[in-house]
Structures are given as C-alpha cells and as structure tokens.
Amino acid sequence: MGYEQISADEFSQAEGVADWRVLGVDAYAVFRTGGFATGLELVNAIGELAEAANHHPDLKLGYPSLAVHLTTHDTGTLTTADLDLAQRISAAARNLGVAGDPDAVTAWE
C-alpha cells in the first residue's frame, strides 16, 4: 500500500495544509484562481502530481475557484497519501500565485 491511516487532527496539524479543512474523513480545499485559465493551470499541475503519486483527488473547476477533495478510497479514511498530495497541491497553488480560501470549504459528493 505504501501509506498509513492518519486522524483528522494529524492531517490538520501537519505543515503545509493551512488551505485545507477536514470534514468527516475527507480533506477539502478551495483555491481562489481569479479566472478560468489560471484554474486550468492549477488543474493541470494537480493532474501531474496526482499521476506521479498514483493518488487522485476529485476536482470542481468553476469561475473563479477550484475546489479539491481528497480521501483514500481504498480505506475510506485519510492517509499519509492524502497529506502528501495536499501539501504538494498547496505548494503548486502558491507557485501559481493562487491563494487558498479555507473559510469557503464545504463538503460535497
């Protein structure tokens, strides 16, 4: 498997995930892209990260934001794979000048 189950607290207290909120056993983030083209850039960056990690988030691209949902489907829990990818997604967003908006996070299916 290559990853370990973690608690919501362990996820939330880790470095590099200030953009994220844990709701239930899932992690969510909203990134204020400011425009659709920037949102697509972030989607593409996330796609590359997800493929490299073989761990795939759910994405909702709209104007002017991108919502991201992470969970480990195999276990139905949060794992270190989610934490690692969340940290990488937040870094990719920062590299594009895109801010996270944790107060905008809501759960979705």
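Basic side chains Lys and Arg get +1 at the Cβ, acidic Asp and Glu get -1 at the Cβ, and with that the dipole of the chain about its Cα centre reaches some 380 debye. Per-residue 3J(HN,Hα) values for region 45-51, derived from phi via the Karplus relation 6.51 cos²θ - 1.76 cosθ + 1.60 with θ = phi - 60°, read 5, 5, x, 5, 5, 5, 5 Hz in sequence order (x marks Gly and Pro).
In this structure the amide hydrogen of L23, modeled in the peptide plane, comes within under 5 Å of the amide hydrogens of Y28, none closer than 5 places in sequence on its chain.
For the chain, the longest principal axis of the alpha carbon atoms and the long axis of helix 80-95 meet at an angle near 20°. The distance linking region 32-52 with region 68-94 is 15 Å (Cα centroid to Cα centroid, whole angstrom). Per residue, region 39-109 exposes an accessible area of 51 Å² to a 1.4 Å probe, with every protein chain left in place. Helical runs (DSSP H, four residues minimum) scored at -39500 (n - 2.57) apiece and divided by the length of the chain put the mean residue ellipticity at 222 nm at -11500 deg cm²/dmol.
Rolling a 1.4 angstrom probe over the chain with all protein chains present gives an accessible area of which 48% lies on carbon and sulfur atoms.
Quick one, which of [x] 1.30; [y] 0.97; [z] 1.13 is the actual Cα Rg over 2.2 N^0.38 Å calculated for this model? Label [y] holds the value from this structure.
The values are calculated or read from the model by the stated rules, or taken from the named source; none is laboratory data. This structure is a prediction, so every number in the text was calculated from the model and none was measured. A quick note on method: Cβ atoms are made from the backbone with ideal geometry, for glycine too, and the neighbour counts reach across all protein chains shown. For accessibility, only protein heavy atoms count, side chains too; no ligands or nucleic acids. Shrake-Rupley method; radii C 1.70, N 1.55, O 1.52, S 1.80 Å.
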